[in-house]
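Taking it in order: structure first as structure tokens, then the write-up.
Where a number appears in this text, it was derived from the coordinates with a stated rule and is not lab data. Just so it is clear, the model here is predicted, and its values are computed rather than measured. Here the Cβ positions follow ideal geometry from the backbone for every residue, glycine too, while neighbour counts run over all protein chains shown.
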Amino acid sequence: MIEVLKSKIHRAVITEANLQYIGSLTIDEDLMDAADLTEFEKITVVNANNGERLETYVIKGTRGSGVMCLNGPAARKGMAGDIIVVISYATMNKEEAKKHKPIIVFPDAANKLVKD
């Protein structure tokens, strides 16, 4: 079994950082659905502005809000306006991995899904 990229939200914008919350990353439910993320799923967050990487989990944000909020200690890893990549992984055997196609979501500057 190997871990592979399941999905990612590429170049989302942090809308807020809440140091007093218990922890995690709050994500707009529209983006969660588009990236096939489940509430409380483990994720990696990479901050393009400062190079920080962290592991945390997803908390469901209000649908259509564009929220992307670093919570708790993670709030020290970025600030509103920073560009991040949210990465999720899946475990599968090598044969499944060869056929697997990850989901890549490209939100706009307001963290809204770009319509084709």
I'd like the distance between the alpha-carbon centres of the stretch 1-33 and the stretch 45-77, rounded to an integer number of Å. 5 Å
Gyration tensor (Cα only) of the stretch 2-91 to equivalent ellipsoid, semi-axes in Å sorted down, yields 18, 15, 12
Stokes-Einstein translational diffusion, the stretch 53-116 - Kirkwood Rh over all Cα pairs, 0.692 mPa s, 37 °C, in µm²/s: 227 µm²/s
Which order, highest average first, do 67-75, 35-43 follow once you tally other Cβ atoms within 10 Å for each residue and take the mean per peptide? 67-75, 35-43
